[in-house]
Amino acid sequence: VAAELGCDWHSVMDAVVAYGTPLIDDPARIGEVSALGLDETLFVREGPWNERSWVTSIVDVTRPAQLLDIVEGRTAKAPSDWLADRPQAWRDGIGWGVIDLSGPYRKTFGDSLPRAVLVADPFHVVKLANTRLDDVRRRTQQETLGHRGHRDDPLYRSRKLLTIGHERLDGKGNAKLENLLEAGDPHGEVRMAWHAKETLRGLYDQPAEHATGYLADLIGLFGSAGGVGR
């Protein structure tokens, strides 16, 4: 910005501080919030070893979403302290908490907003499902071939296809995945884990009134399949 305006960087920064600080310090900028989200963000890499410095974004996730504040770190303490500084009436208005399956953020809501219903956003739920699917694939690879995946191993070649949503696979991609599983998954454990992942993704297509029953059926169906749970 300084280069575009043909002035010194400090002049621009002085203007940012002068005009921006009153906006940030204005308590009226945060209105009523019914759904609050917490999410970690990599803020900067610093030092000779590029050490990662994290922050927590505090967001009003109702439409349109609004960033309320950023606090240091990704532990429970900083967002809990931030919430403690808000009026009790404001906290009582929060009925929903949106998190990324983080333990510290669950603690924040449990300690500071115990009446809020926690919601895990779909991105992180599906990401976790894909991680568990990859765990099954790696274990099966070791048990069947006795080594980590090599370029020509069927399960290694299937790793990316397994994480793609089934509806996004064309006929050629689906046939390739079926052939690779047929060749590298003799007991069907990877296939079952893949079906579990895809069925979990289907949860978000269910009407709200059916979601709880759908999830209970999913847990019962795959929880009894010992091969996936190992």
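Annotations for the structure displayed:
- Length added when fully stretched, residue 115-residue 221, from 0.36 nm per residue minus Cα-Cα: 35.1 nm
- Prolate/oblate/rounded label for region 1-49 (Cα gyration tensor, a/c 1.5): oblate
- Computed over region 1-149, the P(r) curve from all C-alpha pair distances, binned at 5 Å from the origin, holds 2, 8, 12, 15, 14, 13, 11, 9, 7, 4, 3, 2, 1, 0 percent per bin.
- Per-pair calculated FRET efficiency, R0 = 25 Å: residue 62 and residue 7 via Cβ, rounded to 0.05: 0.05
- Three-way shape label, region 137-230, alpha-carbon gyration tensor, a/c 1.5: oblate
- Cross-link pairs 107/160; 176/197; 127/172; 107/127; 127/160 - those with Cα-Cα distance over 23 Å: 107/160; 127/172
- R0 of 35 Å, Cβ-Cβ distance residue 211-residue 16: FRET efficiency to nearest 0.05: 0.20
- Helical runs (DSSP H, four residues minimum) scored at -39500 (n - 2.57) apiece and divided by the length of the chain put the mean residue ellipticity at 222 nm at -16000 deg cm²/dmol.
- Length-normalised contact order for the chain - Cα pairs under 8 Å, 6+ apart - percent: 12
- Candidate residues 151, 63, 138, 74: accessible-area rank, largest first, probe 1.4 Å: 63, 151, 138, 74
- Within region 20-56: backbone nitrogen closer than 16 Å to the residue 124 label point (7 Å, Cα to C-beta): 35-43, 54-56
- Span from the region 1-51 Cα centroid across to the region 151-204 one, whole angstrom: 44
- HN-Hα J in Hz across region 29-45 - Karplus 6.51, -1.76, 1.60, θ = phi - 60°, x for Gly and Pro: 5, 9, x, 5, 10, 9, 9, 10, x, 10, 8, 7, 9, 6, 8, 6, 10
- Low-density loop cleavage sites - chymotrypsin sites (Phe, Trp or Tyr not before Pro) in region 1-66, where at most 11 other Cβ are within 10 Å (DSSP): 49
- Positive dipole terminus of the chain, leading residue within 156, 71, 89 (C-beta point charges): 156
- Of 126, 136, the residue with the largest accessible area leads and the full order is 126, 136 (1.4 Å probe).
- Label positions at residue 170 and residue 86, each projected 7 Å from the Cα along the C-beta direction, are separated by 4.8 nm.
- Solvent accessible area, Å² - residue 210, 1.4 Å probe, full protein context: 100
The values are calculated or read from the model by the stated rules, or taken from the named source; none is laboratory data. Remember, it's a predicted structure, so these values are computed and weren't measured experimentally. Note: ideal-geometry Cβ built from the backbone for every residue, glycine included; neighbour counts use all protein chains shown. The protein model used for the area step is the full one, side chains on, heavy atoms only, and it has no ligands, DNA or RNA in it. Shrake-Rupley method; radii C 1.70, N 1.55, O 1.52, S 1.80 Å.
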